[in-house]
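The next block holds one structure in the form of structure tokens; read it before the comments.
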Amino acid sequence: MVTFLLRRLAFMAVTLFAVSILVFGVSRASGDPRYTAMFQFSKGITKENWDALGELYGLDKPLVVQYLIWAGNALRGDLGISFAGKRPVSTVILEKVQATAELAILATAFAVAVGIPLGVLSAVRRGTIFDYLGRYYAVAGQAVPPFWFALVLILIFTVWLGWLPGAKREGWDSYIMPVLTLGSGLIAGILRLVRSSMLEVLDSEYVKLARAKGASARAVVWKHALKNAVAAPLTYGGLLISLLFMGTVITESVFGWPGLGRMTIQATLNNDTPVLSGVVMFATLCAIVGNTTVDIIHALIDPRVRYT
């Protein structure tokens, strides 16, 4: 188990190093980032401003030195200074993390609470109307664009019925539509994986043996079958962080939610390279930590994983 953990930690370090090189290279692909900051100067940038930006961001040094400075600062939590806001990028990100984390946690809890029972029901009642409805939703839920679903929710519950606020973060009712938008696609993915895993496990010999010994149908499904079918949905759980971040970009833009997704759109429109680089690195770190945590949990549940 210790060897497994050390390998996963080493993989985390290598992945972060590779992503940091990629992010730094992309940020310099179009040339000196000072050109993207010129929009701040309505009358044009002066030689003094150009030199000041170079000294502030370390852009007057060779690319290798720039990367080493940027990577070293990032390891200490310093992601640079925002072009638009003239504030530390880490501070800007931390101000928006809570709003995005609230949506992500609520959407994940909603998706797990709904997706797992629906997947189990679809597998246990295979060939029935419940199975057909579950399979239909598993396809439709991942095919429907999130922005379209969000706009439909706003049209129905805000414009027509006037029950829910359309674009604000005030009160519990403002969370309902964003959570439904984020959770709908996650439910479809969890439902599909749980159903396929359950179908495979329900036909296994040890499940037939449990039934032959007189175990109740509930015990067979929830204690024996689901426990061994959770591997695939658990692996999918590691991808939820990346999927949630991509989903929040769209969801927060539609609902005007003051989180990382909306901030990313604004930084893109403002050509704010430091903020974009910081958000990508932060999202990558969250995804890597999430995947590693899922791998560790998977190893604890299934000891065979430790040796592979």
Checklist entry - Dividing the alpha-carbon radius of gyration of the chain by 2.2 N^0.38 Å (N being the number of residues), what value is obtained? => result 1.23
Item to check | Size of the range 206-302 as Cα extents on the principal axes (Å, biggest first) | outcome: 66, 28, 14
Checklist entry - For the range 1-151, what percent of Cα pairs sit more than 19 Å apart? => result 73 percent
Checklist outcome for this item: Quick calc: nm separation of the 7 Å Cα→Cβ label points for T128 and A13 -> 5.4 nm
Next on the checklist: What is the percent carbon and sulfur in the accessible area of the chain, measuring with a 1.4 Å probe over the protein chains and ignoring ligands?
Outcome noted: 68 percent
Checklist entry - What aspartates and glutamates could a cross-link reach from K61, if we take a straight Cα to Cα line under 15 Å and drop same-chain neighbours fewer than 8 places away? => result D32, D51
Checklist outcome for this item: Taking 0.36 nm per residue of separation between K208 and V2 and subtracting their Cα-Cα distance, the length gained on full extension comes to 70.6 nm
Checklist outcome for this item: Most fluctuating of G171, G134, G256 in the GNM of the chain (C-alpha, under 10 Å) is G171
Checklist entry - Pairing the Cα long axis of helix 231-255 with the longest principal axis of the chain, what angle in degrees results, from 0 to 90 and rounded to the nearest 10? => result 50 degrees
Checklist entry - lysines near K96 by alpha-carbon distance under 17 Å, same-chain residues fewer than 8 away left out - which ones? => result K86, K168
Checklist outcome for this item: Quick note, the range 153-239: a/c under 1.5 would make it rounded; otherwise a/b > b/c is prolate and the rest oblate (a ≥ b ≥ c, C-alpha gyration tensor); here it is prolate
Next on the checklist: Taking the alpha-carbon distance from K223 and a cut-off under 26 Å, which lysines remain once sequence neighbours fewer than 8 residues away in the same chain are dropped?
Outcome noted: K208, K213
Checklist outcome for this item: For the range 124-196, whose charge dipole is built from +1 on Lys and Arg Cβ atoms and -1 on Asp and Glu Cβ atoms, the candidate among W163, S184, G134 with its Cα farthest towards the positive end is G134
Item to check | Net length gained if the chain between A232 and A29 were fully extended (0.36 nm per residue, minus Cα distance) | outcome: 69.2 nm
Checklist outcome for this item: For the chain, the longest principal axis of the Cα atoms and the Cα long axis of helix 260-269 enclose an angle in degrees, to the nearest 10, of 40 degrees
Item to check | Amide H contacts under 5 Å for I81, placed H, 5+ residues apart | outcome: V89
Item to check | Candidates A283, A215, A111: whichever shows maximal mean-square fluctuation once the chain is modelled as a Gaussian network with Cα springs under 10 Å | outcome: A215
Next on the checklist: Helix 273-301 against the longest principal axis of the chain: what's the angle in degrees, Cα atoms only, rounded to the nearest 10?
Outcome noted: 30 degrees
Item to check | 1.4 Å probe accessible area per residue over the chain, in Å² | outcome: 55 Å²
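The values are calculated or read from the model by the stated rules, or taken from the named source; none is laboratory data. Because the structure is predicted, anything quoted here is derived from the model rather than measured. Every residue, glycine as well, gets a Cβ built from its backbone with ideal geometry; the counts of neighbours run over all protein chains shown. For the accessible areas, the whole protein counts, side chains as well, though only heavy atoms, and no ligand, DNA or RNA atoms are used. Shrake-Rupley method; radii C 1.70, N 1.55, O 1.52, S 1.80 Å.
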